Amino acid sequence: MQIDEVCNVINKKIMAIELKTIPVLHGEAAACFVEAADEALQKRGSIDFSKQLAKARAILKRSKLYI
């Protein structure tokens with residue numbers, strides 16, 4: 001690379017950064033994804049932590065940190 005070429009490369013200004021395309025699901029893959037997302041949404045929050053919460057409160061009560 002000659003000095004003129006190096007100067008031209010340095011003097012070029014980058015106007016914008018190229019954005020990468022976002023992959024889009026089509027057809028059967030899209031349907032499976034939506035179905036799995038709907039199932040996950042229905043199962044969300046179905047775990048009962050009341051036993052663990054009671055144990056944690058008992059531990060805190062014994063440690064005199066519980067208000």
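State all residues of the stretch 21-37 that are of a type outside the set (Gly, Ala, Ser) and surrounded by 10 or more Cβ atoms within 10 Å (Cβ to Cβ); if no residue qualifies, say none. Correct list: Leu25, Cys32, Phe33, Val34, Glu35. Among the residues of the stretch 38-67, those identified as of a type in the set (Ser, Thr, Tyr), loosely packed, with under 10 Cβ neighbours inside 10 Å and not in a helix (DSSP H, G or I) are Ser46, Ser63.
Each value in this text was obtained by applying a stated rule to the coordinates, not by laboratory testing. Note that the coordinates shown come from a computational prediction; the quantities given were computed from them, not determined experimentally. Ideal geometry is used to build each Cβ from the backbone, glycine not excepted, and the neighbour counts take in all protein chains shown.
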